[in-house]
Amino acid sequence: MTPQPPSNRELSFAAGMFTVFLCVIFGSNAVAVKIAFSGLGVFTTAAVRFAIAAVAIFLWARLTGRTIALKKGQLHQVVIFSTLFTVQLSLFYLGLSKSNASRGTLLSNLVPFFILFLAHFFIPGDRISKRKFFGIMMGFTGVVFMFMEKKGLSDGYRTGDLIILMAVVLWASSTIYLKRIIDTYSPFQVVLYSTLFSVPFFLLEALLWDPVMVTRLDAPVIGALLYQSLVSASFGFVAWNTLLQKYGAVSLHAFIFIMPIAGVALGGLVLGEPITFKILLALVFIVCGILVVHGKSKKEEPLYPIRRSI
């Protein structure tokens with residue numbers, strides 16, 4: 001596979017609005033996960049979600065004639081990034097079950113900051129500039145404000161936040177690994193093999209650690225599962241990568257600040273989670289940090305491929 005030069009076309013108005021729509025979808029995914037938790041066990045939710053997503057992406061790949069088979073020498077790489085994916089998502093789901101959607105969304109948006117930090121040491125040519133360092137500091141300042149919030153929080157929330165933070169560090173580490181090998185894969189292969197690999201382990205975790213795998217299966221729970229699987233993971237993945245091929249990462253990543261805003265807002269509106277002054281301060285700092293980090297010239301590509309579809 002010969003890598004194609006990156007596209008940096010300006011988004012049309014319609015494409016821009018569609019990108020905003022996708023960012024809202026990705027940002028609200030934690031809300032859907034929390035709704036699914038009301039009827040399914042933590043790891044049962046992960047197993048069902050990624051099983052549906054894997055089937056949907058597999059069918060899409062076959063219908064569109066994409067190559068699914070791996071090349072010689074790729075199997076061990078697939079095992080590595082799929083293992084990282086499985087542990088990362090296991091931690092994220094466990095942490096989110098103990099915290100709330102808005103806090104989980106804020107923490108998950110630390111991923112680009114951790115990636116910038118790790119890439120400085122592990123990706124040749126990716127160095128932290130003064131502007132990027134300032135953006136990183138703004139992002140982490142936001143998290144400090146979030147952890148300062150004590151209103152209505154128990155020790156379980158703190159534990160959940162720390163588990164999510166562990167997942168975020170692992171997410172950034174796996175992205176750095178993918179950055180080194182991604183040119184030899186189609187983007188959908190990374191998602192397809194990660195999800196296929198993870199499902200049996202999520203099922204095993206569900207059998208071992210979910211007190212009850214299914215407590216109720218009503219319309220909100222089923223809708224939340226389908227939203228995560230088909231709208232966010234499947235449709236969102238295909239749509240984002242279609243835009244990525246046409247317009248390039250620079251144009252699309254200008255919109256990712258919308259994701260934490262959507263997550264916090266919908267956590268409050270849909271789940272009734274408290275949106276306090278400190279949470280709003282955390283949101284402002286994280287969003288501003290993202291904007292500073294991604295305030296790049298058109299000649300400079302962001303250093304990581306988005307994986308928000310997961």
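For the condition closer than 18 Å to Val168 by Cβ, of a type in the set (S, T, N, Q) and out of contact with any Leu (no Cβ under 7 Å at 6 or more places or on another chain), Ser82 does not qualify. Being surrounded by fewer than 18 Cβ atoms within 10 Å (Cβ to Cβ) and among the charged types (D, E, K, R) is the filter here; which residues of segment 150-161 pass it? Once the filter is applied, which keeps residues that are surrounded by fewer than 18 Cβ atoms within 10 Å (Cβ to Cβ) and among the charged types (D, E, K, R), segment 150-161 yields Lys150, Lys151, Asp155, Arg158. Taken residue by residue, segment 135-143 has at least one member that is within 17 Å of the chain's Cα centre (by Cα) and either surrounded by 24 or more Cβ atoms within 10 Å (Cβ to Cβ) or of a type in the set (A, V, I, L, M) (or both).
Evaluate the following for Thr83: is it under 19 Å from Phe201 (Cα atoms) and either surrounded by fewer than 19 Cβ atoms within 10 Å (Cβ to Cβ) or over 17 Å from the mean Cα position of the chain (by Cα) (or both)? Spelling it out, Thr83 is indeed under 19 Å from Phe201 (Cα atoms) and either surrounded by fewer than 19 Cβ atoms within 10 Å (Cβ to Cβ) or over 17 Å from the mean Cα position of the chain (by Cα) (or both). A Cβ distance below 8 Å, combined with a sequence gap of six or more or placement on separate chains, defines the contacts here; from segment 213-229, residues that are farther than 13 Å from Ala56 by Cα and modelled with pLDDT of 95 or more reach residues that are hydrophobic (A, V, I, L, M, F, W, C) and surrounded by fewer than 16 Cβ atoms within 10 Å (Cβ to Cβ) in the pairs Met213/Leu207. Selection of segment 236-265 for residues being at pLDDT 85 or above and either over 17 Å from Ala61 (Cα atoms) or not in a helix (DSSP H, G or I) (or both) yields Phe255, Ile256, Phe257, Ile258, Met259, Pro260, Ile261, Ala262, Gly263, Val264, Ala265.
If you check Gly139, Gly135, Gly156, Gly160 for being of a type outside the set (S, T, N, Q) and within 20 Å of Phe26 (Cα to Cα), only one passes: Gly139. Does segment 170-185 include one or more residues that are surrounded by fewer than 21 Cβ atoms within 10 Å (Cβ to Cβ), among the basic types (Lys, Arg) and part of a helix (DSSP H, G or I)? Yes, the conditions are met somewhere in segment 170-185.
A residue that is aliphatic (A, V, I, L, M), assigned to a loop (DSSP other than H, G, I, E, B) and surrounded by fewer than 23 Cβ atoms within 10 Å (Cβ to Cβ) can be found somewhere in segment 70-77.
Checking the condition closer than 25 Å to Phe188 by Cα and either of a type in the set (Asp, Glu) or surrounded by fewer than 20 Cβ atoms within 10 Å (Cβ to Cβ) (or both), which residue from Leu244, Leu271, Leu281 passes? Step by step, each of Leu244, Leu271, Leu281 is checked, and only Leu244 is closer than 25 Å to Phe188 by Cα and either of a type in the set (Asp, Glu) or surrounded by fewer than 20 Cβ atoms within 10 Å (Cβ to Cβ) (or both).
Filter segment 121-162 for residues that are among the small types (Gly, Ala, Ser) and modelled with pLDDT of 90 or more; which is farthest from Leu107 (Cα to Cα)?
Gly135
In this structure, Val48 does satisfy being β-branched (Val, Ile, Thr), buried (at least 21 other Cβ atoms within 10 Å of the Cβ) and at pLDDT 95 or above. Going residue by residue through segment 91-105, is there one that turns out to be surrounded by fewer than 16 Cβ atoms within 10 Å (Cβ to Cβ) and either under 30 Å from Pro274 (Cβ atoms) or without any contact (Cβ under 8 Å) to a residue 24 or more places away in the chain (or both)? Scanning segment 91-105 turns up no residue that is surrounded by fewer than 16 Cβ atoms within 10 Å (Cβ to Cβ) and either under 30 Å from Pro274 (Cβ atoms) or without any contact (Cβ under 8 Å) to a residue 24 or more places away in the chain (or both). Picking from residues in segment 92-120 that are polar (S, T, N, Q) and either under 13 Å from the mean Cα position of the chain (by Cα) or modelled with pLDDT under 90 (or both), the one that is farthest from Gly156 (Cα to Cα) is Asn109. All told, Phe147 falls short of being out of contact with any Asp or Glu (no Cβ under 8 Å at 6 or more places or on another chain) and of a type in the set (Phe, Trp, Tyr). Checking the structure you have, find out if any residue of segment 205-213 is surrounded by 15 or more Cβ atoms within 10 Å (Cβ to Cβ), part of a helix (DSSP H, G or I) and acidic (Asp, Glu). The answer is yes; a qualifying residue exists. The single condition among (1) of a type outside the set (Ser, Thr, Tyr); (2) surrounded by fewer than 18 Cβ atoms within 10 Å (Cβ to Cβ); (3) in contact (Cβ under 8 Å) with a residue 60 or more places away in the chain that Ile164 does not meet is (2).
Scanning segment 118-139 for residues that are within 25 Å of Leu178 (Cα to Cα), part of a helix (DSSP H, G or I) and without any contact (Cβ under 8 Å) to a residue 40 or more places away in the chain returns His120, Phe121, Phe133.
The values are calculated or read from the model by the stated rules, or taken from the named source; none is laboratory data. The model shown is predicted, which means the values in this text are computed figures rather than measured ones. Here Cβ is always computed from backbone atoms with ideal geometry, including for glycine, and neighbour counts include all displayed protein chains.
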